[in-house]
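Read the structure below first, then the notes.
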Amino acid sequence: MKQQRHVLVSFLLGMLVIVLAACGGSSTSSSQTTSSSSAQNVQVTLSEFQITSTLRHFSPGSSYHFVVTNKGKTNHEFMITPADMMPGMSMDQMHKMALAMIDTVAPGETKTVDVIFPQSDAGKSLELACHLPGHYEAGMKLGIKVSS
């Protein structure tokens, strides 16, 4: 009986590991995600202290797969936020307002996030930005537009 219980517990733990591995882990987040196979790729490069992107105009309802690479020498973050973020906002407040974000992109690292811009963002000025202390102020922002 004790051996059967041990076998059952081992089996259940093994299944749990398989299920968790199948789900995959991601260090990125997004308010809306989509399958990257049907999304348009957007290459974003972070460095000291600028952001470049292969695309700056987006359509609401379309799927975008942001591939974010840090070619700099320090950690950066990647956020899609309203362009009129208030100076002095806490990081927690900025994270809540972000449409998408990747918390930390280490030097040489590439991370991804999938985004579908909602219709409510059409006509708004948004930006790709790094809000780590001093980075935004040094120029780590890039204006983008969402239009129908």
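Listed residues Thr74, Thr69; which is in a loop (DSSP other than H, G, I, E, B) and either on the phi < 0 side of the Ramachandran plot or at pLDDT 95 or above (or both)? Every option except Thr74 fails the conditions.
Show the residue pairs that are 6+ apart or on different chains and have beta-carbon atoms under 7 Å apart, the first residue being within the range 39-63 and in a strand (DSSP E or B), the second being surrounded by fewer than 15 Cβ atoms within 10 Å (Cβ to Cβ) and hydrophobic (A, V, I, L, M, F, W, C). Here the result reads Val42/Leu55, each pair linking the range 39-63 to a residue that is surrounded by fewer than 15 Cβ atoms within 10 Å (Cβ to Cβ) and hydrophobic (A, V, I, L, M, F, W, C).
Can you tell me which residue among Lys96, Lys145 is in a strand (DSSP E or B) and among the basic types (Lys, Arg)?
Only one candidate passes the filter, namely Lys145.
Has the range 49-65 got any residue that is closer than 16 Å to Met140 by Cα, within 13 Å of the chain's Cα centre (by Cα) and modelled with pLDDT of 95 or more? Scanning the range 49-65 turns up no residue that is closer than 16 Å to Met140 by Cα, within 13 Å of the chain's Cα centre (by Cα) and modelled with pLDDT of 95 or more.
The values are calculated or read from the model by the stated rules, or taken from the named source; none is laboratory data. This one's a predicted model, so the numbers in the text were calculated from it and none came from an experiment. Every residue, glycine among them, receives a Cβ derived from its backbone with ideal geometry; neighbour counts consider all protein chains shown.
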